[in-house]
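**Student:** Attaching a single structure in structure tokens format; questions to follow.
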Amino acid sequence: MSVYGPAVKIHPVVLASIGDSYERRNEGASRVIGTLLGTIEKHSVEITNCFSVPHNESEDEVAVDMEFAKNMYELHKRVSPSEVIIGWYATGFDITEHSVLIHEYYSREATNPIHLTVDTALQSGKMNIRAYVSAQMGVPGKTVGVMFTPLSVKYIYYDTERIGVDLLQRTRVTPSRTKGLTSDLSQVGSSASRVQDMLATVLTYIEDILLLSQVVDMLPQSGKATADNSVGRFLMDLVNKVPTISAEDFETMLNSNINDLLMVTYLSNLTQAQIALNEKLVLL
């Protein structure tokens, strides 16, 4: 729950990278830390990338390889100049005393940095993900402490990331926890099936609304869906975006595109076969 500050938007690749760094941690290490990269908007912070930072931690002290963090950030800037340091992450459920020291370092690298905690050990039965900002508290001129205030966390994705997320979701229902990539034709069929299911849901909703309009007096006892003006506007926008085209013209266009795709696939397979044959002839 957010009580202060902007919303934090996290991409799936960030969570995957944090989980991977935790699995590859050094022997004896209780947690891993790293730098968060992304963009800052007026009312939100978007985390699009991250990298782990080596550190040593004991009960008495913590040491962070700051030189490594600076070098990694310089390399990232060459690839994605728009991404800036917006904070740091740590695996674990709680904020420790060492977290305050690490946060002080990132306060010099970014203005009001975000601290992200990821419960990779699943202490609460699930991977809790929380974001915080720090605020000083205490009496002026006296001892000053630091308070971490929670922020709201949202999960967003690009279209390319959605493909990977959907593939990972399908591994949950397989006994081996593995799932191979499907062919282009299978993906088209799966997408068409999902569209058909969504259209069926929309038609059922519309039929219920039309039925209610005919039996207004029976509305409390009908148990059907109630009309929603916002849903109606969305459906109207959707209908207006559908191009006006006859079924024959659409079928002709679809068949033409499929033929082009099959031709490209055939030429690609033929090229691969030619390269493989040439490699075998060279070895003779």
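The values are calculated or read from the model by the stated rules, or taken from the named source; none is laboratory data. Bear in mind the structure is a predicted one, so any value in this text is a computation, not a measurement. Every residue, glycine as well, gets a Cβ built from its backbone with ideal geometry; the counts of neighbours run over all protein chains shown. Quick note on the areas: whole protein, heavy atoms, side chains included, nothing else; ligands and nucleic acids left out. Shrake-Rupley method; radii C 1.70, N 1.55, O 1.52, S 1.80 Å.
**Student:** 7 Å from Cα along Cα→Cβ at both K77 and S124: what's the point-to-point distance in nm?
**Tutor:** Each label point is offset 7 Å from its Cα along the Cβ direction, giving 3.7 nm.
**Student:** What's the extension gain from S183 to R25 if we count 0.36 nm per residue and subtract their Cα-Cα distance?
**Tutor:** 53.4 nm
**Student:** Relative contact order for the chain: what percent, with Cα pairs under 8 Å and sequence separation of 6 or more? Mind showing how you got there, number by number?
**Tutor:** Working: 321 pairs, mean separation 41.4, N = 284.
Normalised by residue count, the contact order of the chain is 15 percent.
**Student:** So the label point goes 7 Å from the Cα of E41 along Cα→C-beta, right? Which residues of segment 74-106 then have their backbone N under 16 Å from it?
**Tutor:** Only 83-84 pass the distance filter.
**Student:** Using only the alpha-carbon atoms, how far is helix 66-79 inclined from the longest principal axis of the chain? Give it as 0 to 90 degrees, nearest 10.
**Tutor:** That helix lies at roughly 30 degrees to the long axis.
**Student:** Rounded to a whole number, what is D in µm²/s for segment 1-104 from Stokes-Einstein with the Kirkwood radius over alpha-carbon pairs (25 °C, 0.890 mPa s)?
**Tutor:** Values: Rh = 14.7 Å.
Approximately 167 µm²/s, per Stokes-Einstein.
**Student:** What is the extension gain from R172 to M198, computed as 0.36 nm multiplied by their sequence separation minus the C-alpha to C-alpha distance, in nm to one decimal?
**Tutor:** Difference between extended and current length: 7.1 nm.
**Student:** Considering the zone a paramagnetic label at T111 would reach in this model (a point 7 Å from Cα along the Cα-to-Cβ line), which residues of segment 18-45 have amide N under 17 Å from it?
**Tutor:** 38-45
**Student:** Could you tally up the Lys pairs in the chain with alpha carbons closer than 18 Å? Skip any pair fewer than 8 positions apart unless they're on separate chains. Mind dumping the intermediate values first?
**Tutor:** Details: K9/K42; K9/K154; K42/K154; K126/K154.
The number of close lysine pairs in the chain is 4.
**Student:** Next question, about the same structure. Within 10 Å of each candidate Cβ there may be at most 16 other Cβ atoms; applying that plus a DSSP loop requirement, which trypsin sites (Lys or Arg not before Pro) in segment 1-55 survive? Don't skip to the end; give the middle numbers.
**Tutor:** Numbers: sites: K9, R24, R25, R31, K42; in loops: R24, R25, R31, K42.
Here the trypsin sites (Lys or Arg not before Pro) that fit, given the DSSP loop and packing criteria, are R24, R25, K42.
**Student:** Continuing with this model, one more query. Based on DSSP loop calls and a cut-off of at most 12 other Cβ atoms within 10 Å, the longest stretch of the chain free of exposed GluC sites (Glu not before Pro) is what? Provide the component values of the computation, followed by the final result.
**Tutor:** Numbers: sites that count: E27, E41, E59, E61.
Formally, the longest exposed-site-free interval is 62-284.
**Student:** Follow-up. I'd like the projected area of segment 80-216, averaged over all directions, using the convex hull of its alpha carbons. Report it in nm² with one decimal. Let's see the in-between values first.
**Tutor:** Values: hull surface 67.6 nm².
One quarter of the hull surface, i.e. the mean projection, equals 16.9 nm².
**Student:** What percent antiparallel are the DSSP beta bridges of the chain, to the nearest 5? Could the numbers behind the result be given before it?
**Tutor:** Values: 29 of 41 bridges.
Expressed as a percentage, antiparallel bridges in the chain total about 70.
**Student:** Another question about this same structure. Would you mind working out the accessible area per residue for the chain, using a 1.4 Å probe, and quoting it in Å²?
**Tutor:** Numbers: 20320 Å² over 284 residues.
Result: 72 Å² of accessible area for each residue.
**Student:** Moving to a separate point now. Quantify, in whole percent, the carbon and sulfur part of the accessible surface of the chain (1.4 Å probe; protein heavy atoms only).
**Tutor:** Details: 11730 of 20320 Å².
The nonpolar share, carbon plus sulfur, comes to 58 percent.
**Student:** For the chain, give the magnitude of the charge dipole about the Cα centre (Cβ charges: +1 Lys/Arg, -1 Asp/Glu; no others), in debye to the nearest 20.
**Tutor:** Numbers: 23 positive and 33 negative charges, 32 e Å.
That gives a dipole near 160 debye.
**Student:** Still on this structure, please answer the following. Would you compute, from DSSP H runs of 4+ residues alone, the mean residue ellipticity of the chain at 222 nm, taking -39500 (n - 2.57) per run and dividing by the full residue count, rounded to the nearest 500? Don't jump to the answer; show the numbers that get you there.
**Tutor:** Numbers: 8 runs with 136 residues, N = 284.
Taken over the chain, the calculation gives -16000 deg cm²/dmol.
**Student:** Take the alpha-carbon positions of segment 56-123, form their convex hull, and give its projected area averaged over all directions (one quarter of the hull surface) in nm². Kindly include the intermediate steps, with their values, before the conclusion.
**Tutor:** Details: hull surface 21.8 nm².
Average of the hull's projected areas for segment 56-123 equals 5.4 nm².
**Student:** Are there trypsin sites (Lys or Arg not before Pro) in segment 157-195 that DSSP puts in a loop and that have at most 12 other Cβ atoms within 10 Å, and which ones?
**Tutor:** Numbers: sites: R162, R170, R172, R177, K179, R194; in loops: R177, K179.
Answer by residue number: R177.
**Student:** Largest first and in whole Å, what are the equivalent-ellipsoid semi-axes of the chain based on the Cα gyration tensor, each being the root of 5 times an eigenvalue?
**Tutor:** Details: eigenvalues 411, 239, 68 Å².
Computed over the chain, the values are 45, 35, 18 Å.
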